[in-house]
Amino acid sequence: ITRRTMLAGTGALALGAAFHTRAHAAEYTYKFANNLQTTHPLNIRLKEAVDAILEETGGRLQINVFPSSQLGNDTETLSQLRSGATEFFSLSPLILSTLVPNAAISGIGFAFPDYETVWKAMDGELGAYSRSEIEKKGLVPMEKIWDNGFRQITSSSKTIKTPEDLSGFKIRVPPSPLWQSMFTAFGAAPTTINFAEVYTALSTGIVDGQENPLAIASTAKLYEVQKNVSMTNHMWDGFWFLANKRAWENLPEDIREIVAKNLNAKADEQRADTAQLNQTVREQLTKEHGMTFTDPDTEAFRAKLREAGFYQEWKEKFGEEAWTILETAVGADL
Ligand code: X2X
């Protein structure tokens, strides 16, 4: 072999190696969709998780996060998850209930008195029951649910002090029969709108109010279109981290273990962040964004649901097994 051929060969090898390194694409490239702003603790911790997963899989699994409903609204993205067009999606149990009816069991009004009871239930039998219902419908839930928080009612003008103040109140609710049922039981006029369209619906006056944890009122800048907050704590809500079954099983076992380990580990950090934010952001919403807070008698709202037959209706819908698991988890008859 002449000297020139050897040099050419070495050059080609070097170029090839450089090309391979530069163009090294992950073996698996998956999408993770969610409906929250990049500033929400869910996206902050999720970014850390996907970076750790890329690192620990040696670059084999790249998960690209699409926040703020970039791939579509919640209803559309749930369809994408089912078809495999999107491989991962974080979704409220109540919106998921359009596919998995009994997943909404964790959203029963006033079921959880505090976060201690929430996590004991969701990391215990109630969470296991919910995940088994989700798996029956062909989706793969990660073990630990992430936190959304206790939901509060906001309005553009009206102060919500008593259940009677909700009479005829034009309130947006997420796409879920349980939300529709709850606010109908309150005597309000609920309108189903996906979260991606909420800010516009409030700013144009299509609805006068909405309900969400304070962390979302802050990160979604709802304070720009809402003036009052009524701390009803009417429901705890979370985000199941869901995978498309085919996409999940397409991953080698060692990669699946790394994904589950990191997502479940970050759940604990996100729960702490979100609870803290829901605690501290009230002062910021008041002082920096001029929101007015009301701390109503929440028992009056709970009594209104009972009088309207809300608990009886949902006990019948969910069935004895699920209802018993819920009442055992919260340590009370609802
Ligand atoms: O749609 C909402 O209000 C939100 C963001 O809280 C949920 O995903 C249920």
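The values are calculated or read from the model by the stated rules, or taken from the named source; none is laboratory data. Nothing here was measured: the structure is a model prediction, and the numbers come from that model. As a convention, Cβ positions derive from the backbone with ideal geometry for all residues, glycine included, and neighbour counts pool all protein chains shown. SASA here: full protein model, heavy atoms, side chains in, ligands and nucleic acids out. Shrake-Rupley method; radii C 1.70, N 1.55, O 1.52, S 1.80 Å.
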Item to complete: Could you tell me which of the pairs Lys47/Lys315; Lys144/Lys304; Lys266/Lys317; Lys261/Lys317; Lys137/Lys221; Lys221/Lys266 are separated by over 30 angstrom between their Cα atoms in the structure shown?
Response: Lys47/Lys315; Lys144/Lys304; Lys266/Lys317; Lys261/Lys317; Lys137/Lys221
Worksheet item: Taking one equal scatterer on every alpha-carbon of the chain, how large is log10 of I(q)/I(0) by Debye at q = 0.06 1/Å?
Response: -0.25
Worksheet item: Counting DSSP beta bridges in the range 115-246, what percent are antiparallel, to the nearest 5?
Response: 75 percent
Practice prompt. Considering the options Thr328, Val259, Asn278, tell which one lies farthest towards the positive end of the dipole of the range 248-334, charges being +1 on Lys and Arg and -1 on Asp and Glu at the Cβ, about the Cα centre.
Written response: Asn278
Worksheet item: Which of the listed residues, Ser130, Phe150, Tyr115, is farthest toward the dipole's positive end in the range 78-152, when Lys, Arg count +1 and Asp, Glu count -1 at the beta-carbon?
Response: Ser130
Practice prompt. Kindly provide the Kirkwood hydrodynamic radius of the range 111-188 in Å, to one decimal, from all pairs of distinct alpha carbon atoms.
Written response: 15.1 Å
Response to the item:
Between Ser83 and Lys136, the FRET efficiency computed from the C-beta separation at R0 = 25 Å comes out, to the nearest 0.05, as 0.85
Discussion item. What's the magnitude of the charge dipole for the chain around its Cα centre, counting Lys and Arg as +1 and Asp and Glu as -1 at the beta-carbon? Answer in Debye, nearest 20.
Written reply: 1240 debye
Worksheet entry | Alpha-carbon centroid distance for the pair the range 70-88 / the range 288-334, whole angstrom | 30 Å
Worksheet item: Highest GNM mean-square fluctuation, the chain, Cα pairs closer than 10 Å: which of Ser97, Ser230, Ser203?
Response: Ser203
Discussion item. How much of the DSSP bridge set in the chain is antiparallel, in percent, rounded to the nearest 5?
Written reply: 55 percent
Item to complete: Could you calculate the FRET efficiency of Glu283 with Thr38 from 1/(1 + (r/R0)^6), where r is the beta carbon distance between them and R0 is 25 Å, rounded to 0.05?
Response: 0.65
Discussion item. Which of Thr200, Thr191, Thr86 ends up with the largest GNM mean-square fluctuation for the chain, with Cα atoms connected below 10 Å?
Written reply: Thr200
Worksheet item: When the helix-only estimate is applied to the chain (DSSP H runs of n ≥ 4, each -39,500 (n - 2.57), divided by the residue count), what is the mean residue ellipticity at 222 nm, nearest 500 deg cm²/dmol?
Response: -15000 deg cm²/dmol
Discussion item. Need the full-extension length gain, Phe293 to Thr162, defined as separation in residues times 0.36 nm minus the C-alpha distance. One decimal, nm.
Written reply: 45.8 nm
Response to the item:
Ranking Trp248, Gly58, Leu99 by how far each Cα lies towards the positive end of the charge dipole of the chain (+1 on Lys and Arg Cβ, -1 on Asp and Glu Cβ), the top one is Gly58
Practice prompt. Can you give me the P(r) profile for the range 194-245? Cα pairs, bins 10 angstrom wide beginning at 0, each as a whole percent.
Written response: 21, 49, 22, 8, 0
Item to complete: Excluding residues fewer than 8 places away in the same chain, name every one of the aspartates and glutamates whose C-alpha is closer than 16 Å to that of Lys158.
Response: Asp208, Glu211, Glu224, Asp295
Worksheet item: What whole-number value in Å² describes the accessible area per residue of the range 222-334 for a 1.4 Å probe?
Response: 46 Å²
Response to the item:
Each label sits 7 Å from Cα toward the beta-carbon; between Glu257 and Ile206 the label points are separated, in nm, by 4.8 nm
Discussion item. Starting from the Kirkwood Rh over alpha-carbon pairs, what translational D in µm² s⁻¹ does the range 220-282 have by Stokes-Einstein at 4 °C and 1.567 mPa s?
Written reply: 86 µm²/s
Worksheet item: In Å, the Kirkwood hydrodynamic radius of the range 270-334 over pairs of distinct alpha carbons?
Response: 15.0 Å
